[in-house]
Amino acid sequence: MKKYFYIFLSFLILGCADSGEEEVVAAAVHVQIPWKTKAGKPITLQFGITGEGTPLLMVSNTLGTTVVNGIRSDGKVSYPFPSEFTRKAGTCHWYLLHNKEVLDEGKIEILNAEASIQMETYIGPRNIYAGPKDYTMLVAVPTDLHDNPVVEGTELNVNTQFMDTNESFKITTDHLIGWQRITSREKASRLFINTSSQGITSRELAVDIHPSQATPFTVMYQRSHAYADGNQVITFSTSVIRDRYDNIVSDGTTVIFIVATSGGVKLKTQGNTINGVARAIMLHPDRAANWKVQGFVLGAANSPRIAVDFETAVTAYEVEFLKETNKLQIGPVVGYLAQQQPDGMPVHIEMFNNNENRVGTITGVLANGFCTIALPLEYRSPGIYRLQIDIGGTIHNELIEFTDDQLE
Amino acid sequence: MTSWNKNIYRSLLILSFVGLNAIILWGLAEAWVFWNSGADKASILHTGIEVDDSYQPEIEWDILENQGRPMEKQTLLDIERDYIRSWYVRSVATASNNPHGLGDYYTDSLRRKLSQVLELNKANGITLKETTLAHNPILEFYSDDGTLVVFSDNNVESYREVWQRGEMLHTIREVKSYQVMMLLEDGFWRIRHLVEGNHPSISSADIPDIGTSQIKSIKGLNYYPAQTPWDTFGSGFSEEIIKEDFAMIRGMGLNSIRIFIPYEAFGKGRVDAEKQSKLMKVLDLAAVMDLKVLVTLFDFYGNYDLTDWTATHRHADTLVKLLKEHPALLGWDIKNEPDLDFDSRGKNKVLAWLEEMICQISKWDREHPVTIGWSSPQAAELLADKVHFISFHYYDKPNQFEKDYLSLKKKAGNTPILLSEFGISSYSGFWNAFLGSEKEQTAYYTEMMSLLKQEETPFMFWTLYDFKEVPIEVTGRYPWRRQPQKYYGCVTVEGLEKPSFKVLDQSPLK
């Protein structure tokens, strides 16, 4: 029993001794406490500590917080900072902790590492228009060796190269960055930009300067003949379209051609520019017409109107009324070369009674140069009628008579 | 013997048949599941980590006079979203030392540096629990092509706990300023540089001097409508009933009421607009009757976790800013009986949350006092130096009251004390062995009222009405707790005055 008592007692004593050793720190005296240093240089805090126990050092910067264990020797405790914390410029806070108490605290200003700047550059927009209004923006983010932004007010050189001209100017950093607006040039070409500081240069940056908006241009046309045969095409083209700085507008600029016909109808065709010239085609009309043609680059420029006239393609033709079958036979219909007119050419007939009132309309098409149409007799009373036949704008009048016999 | 064998064979046969079928079915099911699972198609979209709705720090932009391109509203929202998320994923990363998600909100170079610190902490067993509470970014620069932005984020309030191998080493409350540069990369605004700035920091922790003179004259009660206890602002909300009740309270010669705002029912961090208007109406009605209202926030709340802080802050922020100009507002009771959560949530965690909440509310409302409705005079000593007035609840025997109260008063010094809940149930039935009665209740109140008068203690008793139903969340399922809770009123469910009414009636006409 006694044995157990002694064992118990020794445990108790040991327990007490243990808690007696429970790290008591009487005071922490600064031995080596830097308050300013350069990024990348090792930092070690050293405290003279009286009493038992080793406090912990909590270190905190914008990247995070960590805890450093002290190394004790000769009553001094040293805390080497992890490199993650010595490389980051800015304020680094430290707290000496012991048993949840803060024994001491302070902060170290870590300055940028010297020399060896790394240049990170951004430019945008990468595509701008020629002329003094548009611009692009250069943003340079110079950092030191450890990727810390350089101190405010660092001077940067910006060099630009455009065609045969080199320019250079200086900017200073502010709020982590240095920036400059670079206005466009009058010629459409490529602008090269480079930034440098303390002998370190950035990569090459390029900005494309595109032609500005189109200026007024003229419209021309080309066709194989002037006849309104409804079969050939007419090609409209523009003059070389340029911007106000004499740059040929970008390839692919859409030009819309609007055709106003003499009948008051508007027709549209469009084409895209190649080397400043846009082409578009349109079918000839099938009857004589006077066209007014105008080209548009939407929202930018347009051409003056030009006139295009078409002559009728059909010469005079014969018409015969076959009484027995009530059929009208038209043809042969021939053109300016005495050639047969193409199949499918529309034939338009209007019927007037002897009071010159229109009583009917009949349509047909040519086949092999002829058109044979059966005249409808329903609702017709006997008498003389005038037929006005129109093929390709060539008009032929034919008088016919319906008798009682025919109408039965 | 043969029949035995036969039966054994039979049963083996049947069992093996059933077993074989089960295996086949299971196999088919597994195959089916296998062929139907795989990468979620939505993962192609790379939409980033969904930030938990509970992280909503206060953020107020100043975009005047930025250099470069004028800021668009939508872009600012995008920047704000990604910037806030960058803090969130970072707090998640430091809590687990896992860099997951950092790549979405930090550029490669910065992410690598953050990961190095995480590696270091992982090796040393250090984890951090941290949250930021408020950001005040000032836009400095926005590039013309809209892909680069620089701003300074001033007076960033943060709270951080440093843990090493399961032991908390330190908590820091900091106010710092940063310079931030963000780049727009594949749809995400990512932080490229984060530098601690030298802008002068203003500590927000100072508690303004707030007048508490009117605390001393409080005579009031804890209010719930008779038909909708613990659910004042629910579907049974009736202006008429509240108006009549307030008239009755005024008629009793009382000048104050204490009401409760349930945290979840009010929409947590994003407070429901309808609930806000109901709350406003209650205060309007109180103002008409010349009653002052002590608003108790965070009813039925019990998380207190650091990850939930900002959501609770937004909740309080909305309500405080809604009501702080209201003439009927008496003050803010942050939480009803938070000491009861000490066991389940940890005392330090609850106290840290409360302390921060006092700071935050005092920041938003510099006129109305803040208190905490502790469940006992002993608990009320906690944070006594932080609150503008102390309030506690007392459900013990009246003969203990004087001692407890004087002991608290001694510790409180000049801070006023409010007894914000006391009372006794008149329940008499099986569950309390028929010991209570309306007579007992009357006797209790008579004794308490004379004590309160003697000590000149401002009070709010529990409560006006008896209740037909008590929600399980309030008392738990046990009937011996639930039944008595229904009979704490001085007016019956039917609206008849109980004998205790006369004792509690403070009107001079009595």
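Please verify whether B:Ser115 is assigned to a helix (DSSP H, G or I) and either in contact with a Ser or Thr (Cβ under 7 Å, 6 or more places away or on another chain) or within 28 Å of B:Asp62 (Cβ to Cβ) (or both), treating the condition exactly as stated. No: the conditions fail for B:Ser115.
Looking at B:His135, B:His100 in this structure, which one is surrounded by 20 or more Cβ atoms within 10 Å (Cβ to Cβ) and on the phi < 0 side of the Ramachandran plot?
B:His135
Considering every residue within the stretch B:298-306, establish whether at least one is among the charged types (D, E, K, R), in a helix (DSSP H, G or I) and under 18 Å from B:Pro57 (Cβ atoms). There is no residue in the stretch B:298-306 that is among the charged types (D, E, K, R), in a helix (DSSP H, G or I) and under 18 Å from B:Pro57 (Cβ atoms). Going by the conditions given, is B:Leu322 in contact (Cβ under 8 Å) with a residue 40 or more places away in the chain, among the hydrophobic types (A, V, I, L, M, F, W, C) and more than 22 Å from B:Ile84 (Cβ to Cβ)? Taking the combined requirement at face value, the residue satisfies it. If I filter the stretch B:369-386 down to residues being under 19 Å from the mean Cα position of the chain (by Cα) and in a loop (DSSP other than H, G, I, E, B), which single residue comes out as surrounded by the most Cβ atoms within 10 Å (Cβ to Cβ)? Of everything passing the filter in the stretch B:369-386, B:Pro369 is surrounded by the most Cβ atoms within 10 Å (Cβ to Cβ). When B:Leu452, B:Leu418 are screened for being in contact with a Leu (Cβ under 9 Å, 6 or more places away or on another chain) and closer than 24 Å to B:Asp245 by Cα, only B:Leu418 passes. Candidates are the residues of the stretch A:44-60 that are surrounded by fewer than 21 Cβ atoms within 10 Å (Cβ to Cβ) and assigned to a loop (DSSP other than H, G, I, E, B); the one that is farthest from the other protein chains (Cβ to nearest Cβ) is A:Glu52.
Report yes if B:Tyr88 is under 25 Å from the mean Cα position of the chain (by Cα), more than 11 Å from chain A (Cβ to nearest Cβ) and either surrounded by fewer than 22 Cβ atoms within 10 Å (Cβ to Cβ) or of a type outside the set (A, V, I, L, M) (or both), otherwise no. The answer is yes for B:Tyr88. Within the stretch A:147-193, the set of residues being assigned to a loop (DSSP other than H, G, I, E, B), buried (at least 18 other Cβ atoms within 10 Å of the Cβ) and away from every other protein chain (no Cβ under 12 Å) comprises A:Thr154, A:Ser184, A:Arg185, A:Ala188.
Quick one: is B:Gln400 assigned to a helix (DSSP H, G or I) and surrounded by fewer than 18 Cβ atoms within 10 Å (Cβ to Cβ)? For B:Gln400, the condition - assigned to a helix (DSSP H, G or I) and surrounded by fewer than 18 Cβ atoms within 10 Å (Cβ to Cβ) - is met.
Can you tell me how many residues within the stretch A:304-331 are within 30 Å of A:Leu407 (Cβ to Cβ) and of a type outside the set (Ser, Thr, Tyr)? Walk me through how you get there before you give the answer.
Just the residues of the stretch A:304-331 that are within 30 Å of A:Leu407 (Cβ to Cβ), to begin with: A:317-331.
Restricting the remaining residues to those that are of a type outside the set (Ser, Thr, Tyr) gives A:318-324, A:326-331.
The total comes to 13.
Close contacts from the stretch A:379-408, counting a first residue that is touching a residue at least 24 places away in the same chain (Cβ under 8 Å) and within 13 Å of A:Gln329 (Cα to Cα) and a second that is assigned to a loop (DSSP other than H, G, I, E, B) and among the hydroxyl-bearing types (Ser, Thr, Tyr), with Cβ to Cβ under 7 Å and a gap of 6+ residues or different chains, come to A:His396/A:Tyr317.
Selection within the stretch B:191-216: residues that are in contact with a Ser or Thr (Cβ under 7 Å, 6 or more places away or on another chain) and within 14 Å of chain A (Cβ to nearest Cβ). The member of this set that is modelled with the lowest pLDDT is B:Ser201. Pairs are defined by a Cβ separation below 8 Å, a sequence spacing of at least 6 or placement on different chains, a first member in the stretch B:405-426 that is closer than 13 Å to B:Asp385 by Cβ, and a second member that is among the aromatic types (Phe, Trp, Tyr); the pairs so defined are B:Thr415/B:Phe389.
When B:Arg165, B:Arg112 are checked against the criterion of being free of Cβ contacts under 8 Å to residues at least 40 places away in the same chain, more than 30 Å from A:Ile182 (Cβ to Cβ), surrounded by fewer than 16 Cβ atoms within 10 Å (Cβ to Cβ) and more than 8 Å from chain A (Cβ to nearest Cβ), B:Arg112 stands alone in meeting it. B:Asn155 meets the stated requirement of being surrounded by fewer than 22 Cβ atoms within 10 Å (Cβ to Cβ) and either within 18 Å of B:Asp82 (Cβ to Cβ) or among the polar types (S, T, N, Q) (or both). The residues of the stretch A:90-132 that are among the aromatic types (Phe, Trp, Tyr) and closer than 18 Å to B:Val180 by Cα amount to a single one, A:Tyr122. Exactly one residue out of B:Phe389, B:Phe422 is crowded, with 21+ Cβ neighbours inside 10 Å, on the phi < 0 side of the Ramachandran plot, more than 23 Å from the chain's Cα centre (by Cα) and not charged (D, E, K, R): that is B:Phe422.
Looking only at residues that are among the basic types (Lys, Arg) and in a loop (DSSP other than H, G, I, E, B) in the stretch B:443-493, which one is nearest to B:Leu254 (Cα to Cα)? Looking at residues that are among the basic types (Lys, Arg) and in a loop (DSSP other than H, G, I, E, B), I get B:Lys486. Does A:Thr361 count as of a type in the set (S, T, N, Q), part of a loop (DSSP other than H, G, I, E, B) and either modelled with pLDDT of 85 or more or surrounded by 11 or more Cβ atoms within 10 Å (Cβ to Cβ) (or both)? In short, no.
B:Thr132: under 27 Å from B:Leu77 (Cα atoms), within 32 Å of the chain's Cα centre (by Cα), in a helix (DSSP H, G or I) and not basic (Lys, Arg), yes or no? Answer is no for this residue. I'm trying to understand the selection: among the residues of the stretch A:194-222, which are under 30 Å from A:Ser237 (Cα atoms) and either in contact with a His (Cβ under 8 Å, 6 or more places away or on another chain) or in a strand (DSSP E or B) (or both)? Passing the criteria: A:Asp208, A:Ile209, A:His210, A:Ala214, A:Val219, A:Met220, A:Tyr221, A:Gln222. Among the residues that make up the stretch B:146-153, is at least one of them acidic (Asp, Glu), more than 10 Å from every other protein chain (Cβ to nearest Cβ) and without any contact (Cβ under 8 Å) to a residue 24 or more places away in the chain? The answer is no, given that none of the residues of the stretch B:146-153 is acidic (Asp, Glu), more than 10 Å from every other protein chain (Cβ to nearest Cβ) and without any contact (Cβ under 8 Å) to a residue 24 or more places away in the chain.
The values are calculated or read from the model by the stated rules, or taken from the named source; none is laboratory data. Predicted model only: the values in this text are computed from it and were never measured. Neighbour counts run over all protein chains shown; Cβ positions are idealised from the backbone, glycine included.
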